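Some notes on the structure that comes next.
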Amino acid sequence: MTQRTATRRLLRLAFTALIGLTLSNLASAHEFWLEPLQYRIDVNKTAQADIKVGENFKGDTYAFFPNRFVRFELHHNGRERPISGRLGARPAAAQAVDSHGLTTLTYESTYTELTYDDPAVFDNFLTLDGLDWVRQAHADRGLPERGFTEVFRRFAKTYIGTGNAQGEDRLIGYPLEWRLEANPYTLTRQTPLTATLFLNDEPSAGVLARVFMKSGNEEAEELRLTTDENGQISVPFRAETAYLVSSVHMKEPPADVVEETGAVWESLWASAVFYRD
């Protein structure tokens with residue numbers, strides 16, 4: 001084996017190990033969101049956003065890896081286009097926007113598997129995300145306390161005001177998805193913003209929404225709200241603040257996923273990120 005061949009093999013092994021570590025961290029972390037580098041941009045400038053994984057609006061930044069997503073898109077004035085990039089690029093999203101309007105970046109992940117060897121980890125997850133009903137359902141199905149697998153998918157949206165920022169949010173067809181009922185970049189100051197959670201295109205009532213609010217370099221503050229009979233929450237106004245809204249839905253996985261992974265639960269995660277001036 002030549003020195004050049006050996007070096008290339010070591011680089012391939014290091015890259016494979018790095019990807020494995022990245023996926024491991026992604027599986028064990030909690031919140032997933034898209035975070036713009038700038039929440040307002042001028043026309044003919046680039047909309048940029050990081051893929052973030054972590055807690056309390058703080059986390060690690062992940063690069064552009066097409067094998068980790070099903071859809072990664074930019075939506076603007078009724079048009080959509082796939083977000084393209086160089087493998088491993090950061091920020092993961094970087095697309096020019098050539099007209100005024102509300103710009104929405106969206107991301108649908110592939111499936112990730114997670115095995116629970118410690119019952120306390122699963123129990124804490126259910127408590128944190130308002131899924132207490134799952135405990136009884138888990139027992140009723142005769143499932144084990146440890147050594148079982150969950151699969152999960154993430155559905156993230158983030159909003160950037162381009163130019164005059166006029167426009168409105170719309171559903172794009174995710175199984176779990178937030179829709180903002182007002183434009184955060186044109187909404188009158190002091191006015192709360194209404195957001196609706198949709199499950200399979202229907203408003204989802206009685207679901208916990210974790211709302212993180214971060215101003216500058218301050219620690220994020222969390223509000224725990226519950227969607228009303230219309231699937232809506234009212235997000236209070238705070239000036240010069242970034243918002244992360246997140247909810248989780250748990251269900252039994254479809255038969256083909258069960259056959260392929262052996263999973264007994266599937267969780268769907270929806271997040272929305274925006275800014276109030």
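Every number here is computed from the coordinates shown, using simple stated rules; none is lab data. Keep in mind that what you see is a predicted model, and the values were worked out from it rather than measured. Neighbour counts are summed over all protein chains in view; Cβ atoms, including those assigned to glycine, are modelled from backbone coordinates with ideal geometry.
Here are the numbers for the structure shown:
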item	result
Cα radius of gyration and Dmax for segment 208-277 (Å)	16.3, 49
FRET efficiency, 1/(1 + (r/R0)^6) with R0 45 Å, evaluated for D42 and E260 via beta carbons	0.45
Candidates per GluC sites (Glu not before Pro) in segment 193-250, loop by DSSP, up to 13 other Cβ within 10 Å	E218, E219, E229, E240
DSSP-loop trypsin sites (Lys or Arg not before Pro) across segment 189-276, with at most 16 other Cβ within 10 angstrom	R189, R238
Whole-number percent relative contact order across the chain, with pairs defined as alpha carbons under 8 Å at least 6 apart	18 percent
Mean projection area, nm², convex hull over Cα of segment 104-188	7.7 nm²
Lysines whose Cα lies under 24 Å from that of K251, excluding same-chain neighbours fewer than 8 positions away	K157
D_trans [Stokes-Einstein, Kirkwood Rh over alpha-carbon pairs] for segment 3-276, 10 °C, 1.306 mPa s, µm² s⁻¹	80 µm²/s
